[in-house]
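The values are calculated or read from the model by the stated rules, or taken from the named source; none is laboratory data. Just so it is clear, the structure is predicted and the values come from calculations on it, not from any experiment. Glycine gets a Cβ as well: all are built from the backbone with ideal geometry, and neighbour counts include every protein chain shown.
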Amino acid sequence: MGLEAAVEATAEFLNKAVKPVMVGGPKMRVAEACEAFVELADVCGYPIAVMPSAKGMVPEHHPRFIGTYWGAVSTAFCAEIVESADAYLFAGPIFNDYSSVGYSLLLKKEKAIILQPDRVVIANGPTFGCILMKDFLHALAKRLKCNTTAYENYHRIYVPEGHPLKCAPKEPLRVNVLFQHIQNMLSGDTAVIAETGDSWFNCQKLKLPKGCGYEFQMKYGSIGWSVGATLGYAQAAKDKRVIACIGDGSFQVTAQDVSTMLRCGKCWTTKVRCEEDLVEAIETATGAKKDCLCFIEVICHKDDTSKELLEWGSRVSAAIAFSGTCYAVAYLEDRTYSKLAPFGGFAFIAGWATLLF
Ligand SMILES: Cc1ncc(C[n+]2csc(CCOP(=O)(O)OP(=O)(O)O)c2C)c(N)n1
């Protein structure tokens, strides 16, 4: 009964939209709804985007996949299409300070269908509970009219991304070149683990081939989880080569897990400073040493940072400076902490103001 009513109300809302889109969120995993999401995408013709922490849950080889929706640091042309849509279906989203880029997403609740593992909220109005996401998506697939307008708009304005500049011989290795080589290593037989830090942004830009695994967590943004996760993933997915991208700072936090890995097999390690060294290292890691734990230490310039991290960092730190000081005042009941709030507040407003220009 509830399911029928929720599907009816959602179909009515989406079928009258001009350019609706779909966005997959991380809770699709617990809801076991990834397949149902794709099934719906196949029939409704909407473009599909993915939230950063759901990367890997939506097939990137899908013909209407438009990339990661992450506000100002989205894949090119993705945020523009999502935020200009007149209706969006979010399946299992988590909107927090990180995923919302310091609360700067240009979304309107009135335009959104928010689907959680056990309930659905329609256009900031009626909420239907006791509904399983999987059942809902499955039933909705039978009710939506095909509407490819948003995808056609995307396709019309899309300009392919550029390529990093070619390295001069023995030039210090740049991160964008490194990730070009990592991209070339990916296949259905690999899985990427993206540690917190700039690896988030660089890995987020990888295009995952069919079947390529991907792990990333944004719940608390803690550094150091990925070394243990690499060990666990490699044990569980014996058919996959795990490629873990970890900053040196994060690596230090749980480096002791490596000792467990060493007990399980052989290890090969090398240091890389330029593209020529990298090519040789990848050749060894995927050839002669393919059965070893391969530790490639890549040495880059300390300011070689993705543009996404620079943008995201300013917005999130401003939001945290503001909300953090307000929280401290409320929690400690000590107004002396409020002295910092205006600075955070101004930074927060300035972050928003940059959206206008
Ligand atoms: C447990 C914990 N401590 C501190 C932080 C704050 N923090 C986020 S990223 C980061 C630096 C990570 O440096 P590195 O691993 O070298 O990655 P890079 O971004 O330089 O590639 C820190 C300290 C955190 N997220 N979690």
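Kindly indicate which of Gly162, Gly224, Gly129 is away from the ligand (no atom under 16 Å from the Cβ) and either without any contact (Cβ under 8 Å) to a residue 60 or more places away in the chain or within 23 Å of Thr286 (Cβ to Cβ) (or both). Give the steps one after another, and end with the answer.
Working: Gly224 fails: away from the ligand (no atom under 16 Å from the Cβ); Gly129 fails: either without any contact (Cβ under 8 Å) to a residue 60 or more places away in the chain or within 23 Å of Thr286 (Cβ to Cβ) (or both).
It is Gly162.
Results for (1) surrounded by 11 or more Cβ atoms within 10 Å (Cβ to Cβ); (2) closer than 28 Å to Val175 by Cα; (3) in contact with a helix residue (DSSP H, G or I) (Cβ under 9 Å, 6 or more places away or on another chain); (4) at pLDDT below 95, shown as yes or no for each residue.
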| site | (1), (2), (3), (4) |
| --- | --- |
| Val279 | yes, yes, yes, no |
| Thr286 | yes, yes, yes, no |
| Asp291 | no, yes, no, yes |
| Lys302 | no, yes, no, yes |
| Ser306 | yes, yes, yes, yes |
| Ser314 | yes, yes, yes, yes |
| Cys326 | yes, no, yes, yes |
| Ala330 | yes, no, no, yes |
| Tyr337 | yes, no, yes, yes |
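What is the number of the single condition among (1) within 28 Å of Glu215 (Cα to Cα); (2) in a strand (DSSP E or B) that Phe128 does not meet?
(1)
Here's the yes/no breakdown for (1) more than 30 Å from Ser314 (Cβ to Cβ); (2) modelled with pLDDT of 95 or more; (3) not polar (S, T, N, Q):
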| residue | (1), (2), (3) |
| --- | --- |
| Glu171 | no, yes, yes |
| Asn176 | no, yes, no |
| Phe179 | no, yes, yes |
| Gln183 | no, yes, no |
| Ser187 | yes, yes, no |
| Lys207 | no, yes, yes |
| Lys210 | yes, yes, yes |
| Tyr214 | no, yes, yes |
| Lys240 | yes, yes, yes |
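Would you confirm whether or not the range 102-117 contains a residue that is exposed (fewer than 14 other Cβ atoms within 10 Å of the Cβ) and over 29 Å from Ala72 (Cβ atoms)?
No; the residues of the range 102-117 include none that is exposed (fewer than 14 other Cβ atoms within 10 Å of the Cβ) and over 29 Å from Ala72 (Cβ atoms).
Of a type outside the set (Lys, Arg) and crowded, with 18+ Cβ neighbours inside 10 Å: does that describe Gly211?
Taking the combined requirement at face value, the residue does not satisfy it.
Just checking, does the range 80-87 include any residue being charged (D, E, K, R), more than 14 Å from the chain's Cα centre (by Cα) and over 26 Å from Asn153 (Cα atoms)?
No, the range 80-87 contains no residue that is charged (D, E, K, R), more than 14 Å from the chain's Cα centre (by Cα) and over 26 Å from Asn153 (Cα atoms).
Report, by residue number, each residue of the range 61-86 that is touching a residue at least 12 places away in the same chain (Cβ under 8 Å), part of a loop (DSSP other than H, G, I, E, B) and out of contact with any strand residue (DSSP E or B) (no Cβ under 8 Å at 6 or more places or on another chain).
Residues satisfying the conditions are His61, Trp70, Ser84, Asp86.
Hey, among Cys300, Cys294, which residue is touching a Lys or Arg at 6+ places or on another chain (Cβ under 9 Å) and either of a type outside the set (Ser, Thr, Tyr) or part of a loop (DSSP other than H, G, I, E, B) (or both)?
Cys300
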